[in-house]
Amino acid sequence: MPTRLGNTHTLRHRTVLLAAAGACLTIAALASAPRAAAFGSATPDRIVVGYASQTRAGRATASAQGTAAVEARARLVPVAPGTSLGVALRRARAQPGVAWAVPDYRAHTADAVVPNDEGDAKEAGAWRELQWNFVGEWGVNAPAAWANVAADGAPGGRGVTVAVLDTGVAYANRGRFKRSPDLSRFSFVKGHDFVGHNAYANDHNGHGTFVASTIAEQTNNRVGLTGLAYGVHIMPVRVLDTEGEGEASTIAEGVYFAVRHGAQVINLSLEFSPGVTAGDIPELIGALRFAHRHNVIVTAAAGNEGHAAIAYPARAPDVVSVGATTEHGCLAAYSNDGSSLTLVAPGGGPDAELPGDPNCRPEAPGRDIFQVTFAGSSPARFGIPNGYEGTSMATPHVSAVAALVIASGVIGKHPSTAAIVARLRATARKLGGGGDERLYGAGLLDAAAATAPGGPGAVNLKG
């Protein structure tokens, strides 16, 4: 039973804050004995010391030692060259009259991260002119999410592996195949080609490279566009042929491979034709169950027929089904919907005709989704083509944000798939005129809210 692509294209200041005594006391209460691993955001050449009393003699001693006053009861004390922060802290805390001693942690503004990628305008930051899906009014709030995960020590979702089961990925130079100029050779882990039956999952179509680029395109490198989870590793798994079609048995093989080789997220930007049921694809349904049992989150395209039913494999239990929205915040005209829809993400294209939805303007054309992929049919020429719209384009947004949630640790170090899905749903932005869960699921994916400290399902790391 062949499946096909889930898209409709036809190949056609930083501010450093000096902590006052009250803030230092809060830090001390939460981490009175910080581990060395926690010093990453601390200034290495000084510590902050709080004194139990401030006698004239004490102030004179501090002055003689060259310490600087922060507040009446706290002082900045220089760390001697060659002395670690941990040693300096232990020595300070052992001194008579010292109430507490902590690293001088650096704070930063909550401004969003704005990369310098040049888009097609060849100007730093011009990626924003094309990637409305990341930064526009109805985008997924990528810059704030990037700031969130960077503050958590996992920039771009570093440490997570996402398997892209598709037409392959332009991940390496091999014969006539070339690596995309905006994908780092360090961004990939071992994959497999289940169509050509070899270890080289090179892209034969361009679709898989587009999907992988949405997830992990290099960011802040002054080249091309940006990737939503630019720090993750991509596992390229080819399960679709040059025409973008593949059998359920082949896709199932790809799922098993991804799970067994360490993928934490699997992206399926593909759909079966209407009328295909779970009973018709038992081998793939079994593979998806296997992924769920091994705590691997699977995202899949809801389908592009504009039907009131989700296509398989997105309709399968324990799969995140992703519908598509436009730059106006409306359901895309082609996007399937239904009671089993999990949430929506930007897929581009025209608005659906929904008279009760204040955001829908079917008379106004909506922009496509853009990423670096093949410029035409050659696997050696790359550009930023138009014509890419669909639930295929929406799905990798969700895969990327799932990876960011995992990397951030905001809901724990090893969250269950159920916890990740609950987080994505709870932080999604409601769309429509109300009561539109059938059309939009839980709402529009919000990367910033999903990765923000606190909120639904967050783990309190201060206890």
The answer for the per residue Cα convex hull volume of region 238-281, in Å³, is 85 Å³
Residues other than residue 197 with Cβ under 15 Å of its Cβ, Lys/Arg counted +1 and Asp/Glu -1, net out at -3
Lys and Arg at +1, Asp and Glu at -1: neighbours of residue 123 with Cβ under 15 Å from its Cβ sum to -1
Relative contact order as a percentage, region 371-463, C-alpha pairs under 8 Å and 6+ apart, gives 23 percent
Rounded to 0.05, the calculated FRET efficiency for the beta carbons of residue 121 and residue 93 at R₀ = 51 Å is 0.40
Given backbone amide H placed at 1.01 Å from N, residues whose amide H is under 5 Å from that of residue 100, ignoring those fewer than 5 places away on the same chain, are 50
If each part is reduced to its alpha-carbon centroid, region 366-390 and region 244-315 end up apart, in Å, by 24 Å
Amide H proximity to residue 221 below 5 Å, modelled H, separation 5+ or other chain, gives 116, 117
By the mean-Cβ-within-10 Å protection proxy, highest first, 228-235, 268-275, 211-218 rank as 211-218, 228-235, 268-275
Under 5 Å from the placed amide H of residue 47, counting only residues 5+ away or on other chains, we find 77, 79
Region 216-289: relative contact order from alpha carbon pairs under 8 Å, six or more residues apart, as a whole percent, is 25 percent
Once phi for every residue in region 269-280 is put through the Karplus expression 6.51 cos²θ - 1.76 cosθ + 1.60 (θ = phi - 60°), the whole-Hz ³J(HN,Hα) values, with Gly and Pro written as x, are 8, 7, 8, 8, 5, x, x, 6, 10, 4, x, 7
Taking 289-296, 138-145 and ranking on average Cβ neighbours within 10 Å, highest first, one gets 138-145, 289-296
Once normalised by the length of region 69-220, the mean sequence separation of its alpha carbon contacts under 8 Å that are 6 or more apart gives a contact order in percent of 15 percent
Sorted on mean Cβ neighbours within 10 Å (highest first), peptides 242-251, 127-136, 342-351 come out as 342-351, 127-136, 242-251
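Please work out how much length the chain gains when fully extended from residue 289 to residue 151, using 0.36 nm per residue of separation minus the C-alpha to C-alpha distance, in nm with one decimal.
46.2 nm
Bear in mind these aren't lab numbers, they're just calculated from the coordinates by the rules spelled out. This structure is a prediction, so every number in the text was calculated from the model and none was measured. Neighbour counts are summed over all protein chains in view; Cβ atoms, including those assigned to glycine, are modelled from backbone coordinates with ideal geometry.
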